[in-house]
Structure formats: C-alpha cells, structure tokens
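Novice: Have a look at this one before I ask anything.
Only the coordinates and a few stated rules stand behind these numbers; no lab work does. Keep in mind that what you see is a predicted model, and the values were worked out from it rather than measured. Backbone-built Cβ (ideal geometry, glycine too); neighbour counts: all protein chains shown.
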Amino acid sequence: MKFSPLLTEIIRGQWLFDINNIESYYTIVDNLLQGKKIEFNSNYSNEVKVIQIFDRTGKLINSSSDNPIEVPQGAIAQVKMIGEIVKYGDWCVAGADEIVAELYQAQSLKNVDATIFKIDGPGGSVKAIGPFKEFAKNKTKPVIGLIDDALSLHYWTAVEICDFIIADNDVSARFGSVGVVSSFRDNQEAMEKLGYKYHEIYPKESEHKNLAFTLAREGKYDMIKTEHLSPLAQKFQAGVRDNRPNLKEEVGVLTGKTFYADEALKLGMIDAIGGMDLALEMAQRFANQYKIKSLI
C-alpha cells in the first residue's frame, strides 16, 4: 500500500483545530480506516499550482501554456491557504510543504514586491506550523494577510508570517481559537463485546511508553494535559504574543475563544478590515518600507 501522509496525520497526529469542525470528520475517518471507497469530488491536483500575479493597478495577469506570464515591475503575488492544512500535501488536501513552496517562489520572482496571503480555514495538524515558522525567518519581502477565517493553526500561521493582517469582511470573518484540543474515541469496550480482546504488554524498561494516552483512556487526563497539551498551548500563546505586540489579552483571547472581525480589531488580533483593494495598497506600502530598510 502506498504511504499516505494524510492518513498518517489523521491517525497519529496532533491537531490545532476549531472544535466545531472535528465531529464532522468522524464518519470520513471511520470509512477510510475500513477501506471503504470515498468520493471527495475534489479538484485538488498534485501538480504545482500557479501563483496569481497582479500588476501595480491590481489587475490580475492571466497566463496560458501558449502565453506564459510575464511579471511586470512592482507586481504583487497572491498565495492561498484554504481549508484544513496538514504538513505534507496529499490527494485531497493541500500541505504546508506545498503552500510554503509557493510563498518562497513568490519571494524569488524578481519583479514581485510583496505577497498577499489569502487565508480561510479552521486549523490543521500541529506538524504544519514548522514550515511556516521557518519561512517567517527567511522571508525577504512583505506578506499581507487577507483573511476570512483564521482559526487555530491558521491564525498561528497568519501571525507568524504576515506583516499586516486584514479581515476580508466584517460579517463572517473570524479569528482566534488559540488553543489545543485532543480528541479520540475509545472503541475498546465495544470491540470486546464483539469478542475482541486487547493486550498491551510493556517491559519494565518501557514503563512510561504510551502512559499519558493509556491513562487518558482510563479517564485520567492530568498527564496528557501536562506533558502534551499544555506545552503546545504555551508555544501557541507565545507565538501570538511575540508577533502581535499590541494584543489586548482580555478573556478568551489566548485561551480558545473566537472573535468576529470588529472585536478582533479592537483586541489587536488583526490590523484592519477591508478587502483586496486594501490588501494591494498595504502590499505596496510595506514593499516600499522593505526597500528602504535594505538600503540602510
């Protein structure tokens, strides 16, 4: 069987995910694990995606195989991160590896001055944050976030790499869900009723192996909270604090609440409410600032 990064992260991974989206995937996961056929009706392709390019006026520059795109001076690129994110791209989801590759490609284009990062999603695999943090350390041109939903992992990604964060609208756009959750279903009792018996055997040299999960399965959650969830939550909080210096740490801001755009703006979670026109304007403004800094 071909190795599947998606299934590996579903089964074994940890997630920074908005809780409202978790239960909707249980049936899909069950069917995957049982080897049932699933029709995703996805347009996802493993081929390299084409970065969108806008000229100085904000006009989208189209290209085709017959007429490859010519990037004019002062152009702005757009890269998208839509939907759930895992670290490695697969046959039905985009991966952080692919998205970060697009971000690097946009940075490498000589005539591109900045990138608009279009974000809309509920979160994803904990492993996915690493490539974005690495990109943030290496970026040489500004990135402007234009966001509908940035929840959990998506918000962490936005604060790590975006110089300026814009809510795409003041109706549906949401931000936050800064927190970590662990969710699993214990089917051991149900399977034992069907005649299956579970045996887990550890030598004395491995007394702590899987202990946090074993205790959690018994309803004892202290160890899994202390050793696994809390460290992740603290790193998430630190990432937001470090990158949002004007953040107002009111109730829920760093402990899992979600906020619509108006409130997120008041709390310093974002920088503005607007749309594509504002994103293009800020991209050009920050591009000029980066150029001035490079001359100093």
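Novice: Using all C-alpha to C-alpha distances in segment 157-227, build P(r) with 10 Å bins and read off the rounded percent in each one.
Specialist: 13, 28, 22, 17, 15, 6
Novice: List the lysines whose alpha-carbon lies under 21 Å from that of LYS197, not counting same-chain residues fewer than 8 positions away?
Specialist: Those lysines meeting the cut-off are LYS209.
Novice: Give the Kirkwood hydrodynamic radius (Å, one decimal) of segment 94-214, defined as one over the mean of 1/r across all pairs of different Cα atoms.
Specialist: The answer is 17.5 Å.
Novice: Sticking with the crude label model, points 7 Å out along Cα→Cβ, report the distance from ALA238 to MET191 in nm, one decimal please.
Specialist: Distance between label points: 3.7 nm.
Novice: How many angstrom lie between the Cα centre of segment 116-147 and the Cα centre of segment 261-296?
Specialist: Result: 15 Å between the Cα centres.
Novice: Using all Cα-Cα distances in segment 206-286, what percent lands in each 5 angstrom bin from 0 up to the longest?
Specialist: Taking all Cα pairs of segment 206-286, the binned fractions are 3, 12, 15, 15, 13, 11, 10, 8, 5, 5, 3, 1 percent.
Novice: Quick one: putting +1 on the C-beta of Lys and Arg, -1 on the C-beta of Asp and Glu, what dipole do you get for segment 212-274 around its Cα centre, in Debye to the nearest 20? Before the final figure, lay out each step's value.
Specialist: Values: 9 positive and 9 negative charges, 26 e Å.
Result for segment 212-274 is approximately 120 debye, rounded to the nearest 20.
Novice: I need the peptides 173-183, 135-145, 195-205 ranked by packing, meaning the mean over residues of other C-beta atoms within 10 angstrom, with the highest value on top.
Specialist: Values: 173-183: 21.3, 135-145: 18.7, 195-205: 7.1.
Ranking the peptides 173-183, 135-145, 195-205 by packing returns 173-183, 135-145, 195-205.
Novice: Just how far, in whole angstrom, is segment 207-248 from segment 88-108 if you go by their alpha carbon centroids?
Specialist: 27
Novice: I've got another one for you. With the crude spin-label approximation of a point 7 Å out along Cα→Cβ, what separation in nm comes out for HIS199 versus VAL171?
Specialist: 6.1
Novice: Also, I was wondering about something else. Sort 243-251, 152-160 for me by packing, meaning the mean count of neighbouring Cβ atoms within 10 Å per residue, highest on top. Please list the in-between numbers first.
Specialist: Details: 243-251: 12.4, 152-160: 27.0.
Those peptides, ordered most packed to least, come out 152-160, 243-251.
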